[in-house]
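Every number in this text was worked out from the coordinates using simple rules, so none of it is lab data. Everything numeric here is computed off the predicted structure, so don't read it as measured data. Positions of Cβ are generated from backbone atoms using ideal geometry, with glycine treated the same way; all protein chains shown enter the neighbour counts.
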Amino acid sequence: MVNYDELAQDYQRHRQVHPEVLKQLIATSEVRRDSTVLEVGCGTGNYIHAFHSATDAKSWGVDASEQMLTQAKHQSPDIVFSQGLASSLQFGEAFFDFVFSVDLVQHLEDIIPYFSEVFRILKPGGRICTVTDSEEIIRTRRPLAFYFPDTITVDIERYPSLLVLRKRMGDAGFQNIKQIQAEFSYELRDIEAYRTKAFSCLHLISPEAFQAGLTRLEGDLAQGPIPANSRYVLLFGHKPTQIVYL
């Protein structure tokens with residue numbers, strides 16, 4: 001079990017916004033300055049802060065971890081942050097224009113209540129985006145999968161498949177579900193995020209597997225920058241403008 005209160009400072013120091021994910025969130029959400037936006041599972045607030053800075057939309061963030069929210073509030077005083085669960089969002093019906101999550105669904109025991117809650121709090125015509133990993137991405141992540149191969153099994157078990165996510169979004173009432181992949185390659189020059197386990201899956205493998213991967217990573221870094229990649233899948237959906245109840 002991962003204690004996210006204990007990870008808050010390391011997340012704040014080492015977890016960065018994926019530039020292509022942010023670009024797609026902004027472009028596909030069609031958010032304006034007068035729009036209302038919520039990130040569920042906002043952690044230390046990196047994504048909602050970057051989204052707010054780029055759009056000036058009225059922004060909220062929700063997370064279950066008090067310490068994650070403490071870091072978020074320091075970073076983004078103009079955003080309304082509150083502690084809460086994805087399965088029980090404390091907002092009125094039809095309040096938001098856009099609701100998104102990044103790396104949230106693998107932490108939920110049941111994704112059905114989450115999608116139902118988002119559907120409830122979205123305005124008619126509002127949009128949802130679920131940013132997640134596919135099995136193919138999990139198997140080919142570099143450096144995670146390459147240096148810490150035990151994370152592959154851990155995360156395939158944690159992450160709902162894209163097929164399941166699309167089905168659950170549709171079951172909740174979302175329409176026009178589309179899938180976009182965002183990716184970029186870079187050179188890894190600082191591995192402190194791995195030393196401090198600023199990725200939750202590193203807390204779920206054995207100490208021996210972690211140390212073996214870290215030793216290899218440190219050895220390769222001593223020879224020069226390490227080629228790395230970062231990829232995500234974004235699942236977008238719409239709440240219908242008119243809902244017919246049978």
- Task: Using the Cα centre as the reference, give the magnitude of the dipole from point charges on the C-beta atoms of region 155-246 (Lys, Arg: +1; Asp, Glu: -1; all else neutral), rounded to the nearest 20 debye.
- Result: 540
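Under 1.5 on a/c is rounded, so check that first for the chain, then, if it is not, pick prolate when a/b is larger than b/c and oblate when it is not; a ≥ b ≥ c are the square roots of the alpha carbon gyration tensor eigenvalues.
On the way: a/c = 1.88, a/b = 1.63, b/c = 1.15.
Because a/c hits 1.5 or more and a/b exceeds b/c, the chain counts as prolate.
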- Message: How far apart, in nanometres, would the label points at Glu136 and Glu183 be if each is projected 7 angstrom from Cα along the Cα-to-Cβ direction?
- Response: 0.8
- Message: How would region 12-99 be classified by its alpha-carbon gyration tensor: rounded, prolate or oblate, with rounded meaning a/c under 1.5 and the a/b versus b/c comparison settling the rest?
- Response: oblate
- Taking the chain as the reference, fit the longest principal axis to its C-alpha atoms, fit the long axis of helix 19-29 to the helix C-alpha atoms, and give the angle between the two in degrees, 0 to 90, nearest 10. 10
- Note on the structure: Note to self, the chain gives a 222 nm [θ] from helices alone (DSSP H runs n ≥ 4, -39500 (n - 2.57) apiece, / all residues, nearest 500) of -12000 deg cm²/dmol
- Query: Counting DSSP beta bridges with both partners in the chain, what percentage is antiparallel, nearest 5?
  - Reply: 50
- Query: Hey, what did the chain get for relative contact order, percent, Cα under 8 Å, at least 6 apart?
  - Reply: 21
- So, relative contact order of region 132-240 in percent, Cα under 8 Å, 6 or more apart, is 47
- Note on the structure: Tilt, helix 207-221 to longest principal axis of the chain (alpha-carbon atoms), in degrees rounded to tens, equals 80
- Query: Which FRET efficiency, nearest 0.05, do Thr70 and Thr196 yield, Cβ-Cβ r, R0 22 Å?
  - Reply: 0.75
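Based on the Cβ-Cβ distance from Ser116 to Ser206, what FRET efficiency comes out when R0 is 45 Å, to the nearest 0.05? Let's see the in-between values first.
Details: r = 37 Å, r/R0 = 0.82.
The computed FRET efficiency comes out at 0.75.
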- Query: In degrees between 0 and 90, to the nearest 10, how far off the longest principal axis of the chain does helix 46-55 point, with axes built from Cα atoms?
  - Reply: 50
